[in-house]
């Protein structure tokens with residue numbers, strides 16, 4: 001009888017040791033997949049259990065996963081849960097810590113300025129932000145000096161929908177290829193926009209009307225979150241012309257909240 005008890009204890013210890021060994025051997029991918037399976041099964045508590053294990057053991061190592069969690073459609077059912085907010089706050093902290101320590105080496109080459117290239121002299125921008133939908137509605141008037149060129153090239157956020165581009169209420173010809181590679185090395189999610197010059201050359205006033213969908217934002221030092229919106233040059237939320245190095249911008253920012261639009265700020269920028 002005593003031998004049977006010892007044998008059972010030995011088996012129990014062996015099982016516990018195997019379970020502990022298995023737990024220690026879990027990878028970041030194992031926890032992530034376990035969270036996905038629990039979510040698919042409708043088990044929210046287990047989903048957060050595995051997400052928190054991922055964060056505790058691998059959060060700093062895989063800080064880049066913050067963007068994936070933010071844009072993954074399957075996780076949107078969790079966005080109103082306080083546990084999701086706490087999880088994402090921690091992951092965002094890891095992401096920012098990693099970015100603050102990142103060293104970026106940009107290629108250096110001599111800048112050859114084309115004095116005959118068309119340039120933007122000024123932007124006047126009305127920017128309406130809907131944070132919940134992660135969209136921007138933009139009405140922009142640009143003072144463009146076409147000089148003797150037949151067109152001007154821009155880089156614009158590749159997930160944008162252009163409603164119209166006009167000069168004195170006349171529609172202008174343009175091409176916007178959202179599947180083409182960005183012409184700007186540092187704006188990976190930009191798409192080339194080429195605008196044909198109106199009949200009148202020299203400085204023209206051109207109005208752009210478009211929307212940007214930013215639910216797949218994956219640009220360094222940019223954000224579209226409920227408590228922090230950060231839009232920079234690398235997002236190309238306004239049409240960027242690489243030859244324009246000396247321009248001014250007048251920006252009015254609004255925040256779309258249900259049926260009302262509230263003005264948040266107004267600023268002037270010297271390019």
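The values are calculated or read from the model by the stated rules, or taken from the named source; none is laboratory data. Quick caveat, the model's predicted, so the values are computed rather than measured. Every residue, glycine as well, gets a Cβ built from its backbone with ideal geometry; the counts of neighbours run over all protein chains shown.
Every residue, every condition in (1) more than 16 Å from residue 192 (Cα to Cα); (2) in the same structural domain as residue 195 (by TED's automatic domain parsing); (3) touching a residue at least 40 places away in the same chain (Cβ under 8 Å), yes or no:
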| residue | (1), (2), (3) |
| --- | --- |
| 134 | yes, yes, yes |
| 142 | yes, yes, yes |
| 145 | yes, yes, yes |
| 148 | yes, yes, yes |
| 157 | no, yes, yes |
| 162 | no, yes, yes |
| 167 | yes, yes, yes |
| 170 | yes, yes, no |
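So that you can scan it fast, the table gives a plain yes or no per residue for (1) part of a helix (DSSP H, G or I); (2) surrounded by fewer than 16 Cβ atoms within 10 Å (Cβ to Cβ); (3) in contact with a helix residue (DSSP H, G or I) (Cβ under 7 Å, 6 or more places away or on another chain); (4) at pLDDT 80 or above:
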| position | (1), (2), (3), (4) |
| --- | --- |
| 11 | yes, yes, no, no |
| 15 | yes, yes, no, no |
| 23 | yes, yes, no, no |
| 35 | yes, no, yes, yes |
| 42 | no, yes, no, yes |
| 60 | no, yes, yes, yes |
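Against the conditions (1) loosely packed, with under 14 Cβ neighbours inside 10 Å; (2) closer than 27 Å to residue 227 by Cβ; (3) modelled with pLDDT under 90, where does residue 108 fall short? Just the number, please.
Looking at each condition in turn, residue 108 falls short on (2).
Can you tell me which residue within the stretch 179-204, out of those that are part of a strand (DSSP E or B) and either surrounded by fewer than 16 Cβ atoms within 10 Å (Cβ to Cβ) or not assigned by TED's automatic domain parsing to the domain that holds residue 140 (or both), is nearest to the chain's Cα centre (by Cα)?
Here is the first cut: in the stretch 179-204, the ones part of a strand (DSSP E or B) are 190-196, 203-204.
Filter once more, so that each one left must be either surrounded by fewer than 16 Cβ atoms within 10 Å (Cβ to Cβ) or not assigned by TED's automatic domain parsing to the domain that holds residue 140 (or both): 194, 196, 203.
Values: 194: 23, 196: 29, 203: 33 Å.
Top of the filtered list is 194.
Kindly list the number of the only condition in (1) farther than 21 Å from residue 141 by Cβ; (2) at pLDDT 90 or above; (3) outside any strand (DSSP E or B) that fails for residue 237.
(1)
Are any residues in the stretch 166-177 within 25 Å of the chain's Cα centre (by Cα) and surrounded by 16 or more Cβ atoms within 10 Å (Cβ to Cβ), and if so, which ones? If you could, list the steps in order and put the result at the bottom.
The first filter runs over the stretch 166-177 and keeps only residues within 25 Å of the chain's Cα centre (by Cα), leaving 175-177.
Matches in the stretch 166-177: 176 only.
Kindly indicate whether residue 219 is modelled with pLDDT under 85 and either part of a strand (DSSP E or B) or surrounded by 15 or more Cβ atoms within 10 Å (Cβ to Cβ) (or both). Show your work before the answer.
Values: modelled with pLDDT under 85: yes; either part of a strand (DSSP E or B) or surrounded by 15 or more Cβ atoms within 10 Å (Cβ to Cβ) (or both): yes.
Yes: the conditions hold for residue 219.
Regarding residue 85, is this residue surrounded by fewer than 16 Cβ atoms within 10 Å (Cβ to Cβ) and assigned by TED's automatic domain parsing to the domain that holds residue 207?
Working: surrounded by fewer than 16 Cβ atoms within 10 Å (Cβ to Cβ): yes; assigned by TED's automatic domain parsing to the domain that holds residue 207: no.
Taking the combined requirement at face value, the residue does not satisfy it.
Would you confirm, using the coordinates I've provided, whether residue 92 is surrounded by 17 or more Cβ atoms within 10 Å (Cβ to Cβ), touching a strand residue (DSSP E or B) at 6+ places or on another chain (Cβ under 9 Å) and not in a strand (DSSP E or B)?
Values: surrounded by 17 or more Cβ atoms within 10 Å (Cβ to Cβ): yes; touching a strand residue (DSSP E or B) at 6+ places or on another chain (Cβ under 9 Å): yes; not in a strand (DSSP E or B): yes.
Yes, satisfied.
Count, please, the residues in the stretch 71-89 that happen to be part of a helix (DSSP H, G or I) and out of contact with any helix residue (DSSP H, G or I) (no Cβ under 7 Å at 6 or more places or on another chain). Full working, then the answer.
Let us first name the residues in the stretch 71-89 that are part of a helix (DSSP H, G or I), namely 71, 73-78, 82-89.
Still in the running and out of contact with any helix residue (DSSP H, G or I) (no Cβ under 7 Å at 6 or more places or on another chain): 71, 73, 76-77, 82, 85-86, 89.
So the answer is 8.
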